[in-house]
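Bear in mind that the values in this text are calculations on the coordinates, not laboratory data. Model, not experiment: these values are computed from the prediction. All Cβ positions, even for glycine, are placed from backbone atoms using ideal geometry, and neighbour counts span all protein chains on display.
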Amino acid sequence: MPLHHIVNLTLLIAYPAAWFSPLATAGVLPWFTGNTISVAGGVVDLWQIDIALSLLVALLAVVIPYAKTCLLVAIHRGWQGPIALIEIVGKLSMADVFLIALYIVVMKGVGIGHVTPAWGLWLFTLCVLASIWVGWQTAKSATKP
């Protein structure tokens, strides 16, 4: 089994772990840690404020990246579906990186607190980069004569 197939199967477990892992901690003073920020926690918090935004975040940060991973598993298993579908899903799933960056920038911009990145941010970033690599390798192997 090629390495990119193994990495993609690993993402089926790593993505859910990343959604619930701490991306950052937010607090008022640097020596007092406050709330832990996670993708899942952000979706839940947003649900109470703005349901439409919560659904959009869930779609872009959870559903679409996982759907891309599942579609790549299907392709690795021999599915001959439209490659354009993978490209569209792949482009949409990049929105999660920008969303988290925006979240951290907004929190830091408040000026009365601090945000400290946590290990989950690295896990989530690794998942996104691994997904990009798997997609690239899959497209590369599909175009080989």
Assuming R0 = 25 Å, what is the FRET efficiency of A84 and I6, from their Cβ-Cβ distance, to the nearest 0.05?
0.45
³J(HN,Hα), Karplus 6.51/-1.76/1.60, whole Hz, each residue of segment 62-68, x for Gly, Pro
10, 5, 5, x, 6, 4, 4
Residues meeting the amide H criterion for T25 (H placed from the backbone, H to H distance under 5 Å, 5 or more places apart or on another chain) are I37, T116, A118
HN-Hα J couplings of segment 114-126 from phi, Karplus 6.51/-1.76/1.60, θ = phi - 60°, integer Hz, Gly and Pro as x?
9, 10, 10, x, 10, 4, x, 5, 5, 5, 5, 4, 4
Pairwise FRET efficiency - L56 versus T36, Cβ, R0 = 22 Å, nearest 0.05:
0.50
